[in-house]
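Bear in mind that the values in this text are calculations on the coordinates, not laboratory data. Just so we're clear, the structure is a prediction, and the values are computed from it rather than from any experiment. Glycine gets a Cβ as well: all are built from the backbone with ideal geometry, and neighbour counts include every protein chain shown.
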Amino acid sequence: MVADIKIKDTSIEVQRFFKKFQRDMPGIIKESLARASAFGSLKIQERTLKGKDADGNRFRPYSRRTIESRQEKGRQTSFVDLFDSGKMLGAITFISTASKGQIFFRRQAENRKAFFHDTGTGKLPRRPFFAIGRKEEDKIKKIFFDNIARRTARP
């Protein structure tokens, strides 16, 4: 036995709902990407200030000379937080479009500093901070999809 149900509704109300849904969806996606990107940039900053990389591991310790220099300036030396003037971490920002969200550095000078820290170029040890960890990625996905669900739910 097979049951076949067909519903045909040409009412203006249903047509309006789908037109509105089609019209509003790009904005809803953009907003969801913005929320997810904001969370990602905040997590990178918070985690870095705690001295941890994307996987939750501690950064390699400061060199003896760096510790001495930081102590002279009155800065903490117990763990590496990549915070000197605050410009690099303060330059982390995000942007979203209807199809993607990006986290980036506002200024080229800070982008360059971050590259050196992230890759370990020159005398700097590799301290990969500008990344999203697995747990953060799952949370970002949840934020994205929860916002879409909230915005598309019918009252």
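Points worth noting:
- Here the Karplus curve 6.51 cos²θ - 1.76 cosθ + 1.60, taken at θ = phi - 60°, turns the phi angles of region 83-89 into couplings of 10, 10, 9, x, 5, 5, 5 Hz, with x standing for Gly and Pro.
- Those trypsin sites (Lys or Arg not before Pro) in region 55-97 that DSSP places in a loop and that have at most 16 other beta carbons within 10 Å: LYS73, ARG75
- For the chain, the relative contact order is 30 percent, taking Cα pairs closer than 8 Å that sit 6 or more residues apart in sequence and dividing their mean separation by the residue count.
- Calculated from backbone phi, Karplus (6.51, -1.76, 1.60) coupling profile of region 97-114 in Hz, x at Gly/Pro: 10, 6, 10, 7, x, 10, 10, 8, 9, 5, 10, 4, 4, 6, 4, 5, 4, 4
- Highest mobility in the GNM of the chain, judged by mean-square fluctuation with C-alpha springs under 10 Å and restricted to LYS141, LYS19, LYS100, is found for LYS19.
- FRET efficiency, 1/(1 + (r/R0)^6) with R0 41 Å, evaluated for ASP24 and THR77 via beta carbons: 0.20
- Scaled radius of gyration (Cα, divided by 2.2 N^0.38 Å) that the chain gives: 1.54
- When the charge dipole of region 19-152 is built from unit charges on Cβ atoms (+1 for Lys and Arg, -1 for Asp and Glu) and taken about the Cα centre, the candidate among LEU89, PRO26, ALA131 whose Cα reaches farthest toward its positive end is PRO26.
- Within the shell of other residues whose beta carbon sits under 9 angstrom from the beta carbon of PHE105, the net charge comes to +3, with Lys and Arg scored +1 and Asp and Glu -1.
- Along region 138-145 the Karplus relation, 6.51 cos²θ - 1.76 cosθ + 1.60 evaluated at θ = phi - 60°, assigns HN-Hα couplings of 4, 5, 5, 4, 4, 4, 4, 6 Hz to successive residues, with x for each Gly and Pro.
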